[in-house]
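For reference, the structure discussed in these notes is given below.
The values are calculated or read from the model by the stated rules, or taken from the named source; none is laboratory data. The structure displayed is predicted, hence computed values, not measured ones. Don't worry about glycine lacking a Cβ; one is built from the backbone with ideal geometry, like all the others, and counts go over all protein chains shown. Accessible surface is based on the protein model in full, side chains and every heavy atom, while ligands, DNA and RNA are left aside. Shrake-Rupley method; radii C 1.70, N 1.55, O 1.52, S 1.80 Å.
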Amino acid sequence: MDWEWERIDNFGSLRERDRFVVWMRRQIANGLSEEIDPPPGQSPGSSDRWFRHVPTGSIWRLVPDENPYGPGFWPAHDKAA
């Protein structure tokens, strides 16, 4: 079953974020997503993690908890929550 990902403006807790990471690992294992290098114009030194949703080709980022807008998960084109 294919469906689009939904934006998460801010995880309610680090535990919720950790559950999301486990879910994302399953998405990768099932071939529905892949972790990628930062897109052009994005800082490679940032601790953001970048993912491509295989069915749609959309690029998303997982923003760490030390980010003033995170932790969250949103499309690459969005600058902040």
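Evaluate the charge dipole of the chain about its Cα centre and quote only its size in Debye, nearest 20, assuming +1 on the Cβ of each Lys and Arg and -1 on the Cβ of each Asp and Glu.
120
Placing +1 on the Cβ of each Lys and Arg and -1 on the Cβ of each Asp and Glu in the chain, which of 63, 38, 14 has its Cα farthest towards the positive end of the resulting dipole?
Of the options given, the answer is 14.
Amide H to amide H, which residues 5 or more places from residue 33 or on other chains are under 5 Å from it, using H placed in the peptide plane?
28, 54
Using the heavy atoms of the protein chains alone and a 1.4 angstrom probe, what is the accessible area of the chain per residue in square angstrom?
For the chain, the per-residue accessible area is 64 Å².
Over the stretch 20-62, what is the relative contact order in percent, taking alpha-carbon pairs closer than 8 angstrom and at least six residues apart?
Result for the stretch 20-62 is 30 percent.
Roughly what would the spin-label model give for residue 10 and residue 35, points 7 Å off Cα along C-beta, in nm?
2.6
For the stretch 47-61, just list the computed ³J(HN,Hα) in residue order, Karplus coefficients 6.51, -1.76 and 1.60, θ = phi - 60°, integers in Hz, with x standing in for Gly and Pro.
8, 4, 10, 10, 9, 10, 7, 4, x, 10, x, 6, 9, 10, 10
For the stretch 20-26, what does the Karplus curve 6.51 cos²θ - 1.76 cosθ + 1.60, with θ = phi - 60°, yield as ³J(HN,Hα) per residue in whole Hz, taken in order and with x for Gly and Pro?
Result, ordered by residue: 4, 4, 4, 4, 5, 4, 5 Hz.
Note the listed values (1) 12.9; (2) 13.4; (3) 14.9, then indicate which one is Kirkwood radius over Cα pairs in Å calculated from this particular structure.
Matching entry in (1) 12.9; (2) 13.4; (3) 14.9: (1).
Work out, step by step, the length gained on full extension between residue 66 and residue 18: first 0.36 nm times the residue separation, then minus their alpha carbon distance; give nm to one decimal.
Working it through step by step, the gained length comes to 15.8 nm.
Check each of the trypsin sites (Lys or Arg not before Pro) in the stretch 1-39 and keep only those in coil by DSSP with at most 16 other C-beta atoms within 10 angstrom; list them in order.
Filter output for the stretch 1-39: 7.
Heavy atoms only, probe 1.4 Å: what % of the accessible area of the chain goes to carbon and sulfur, would you let me know?
That share works out to 50 percent.
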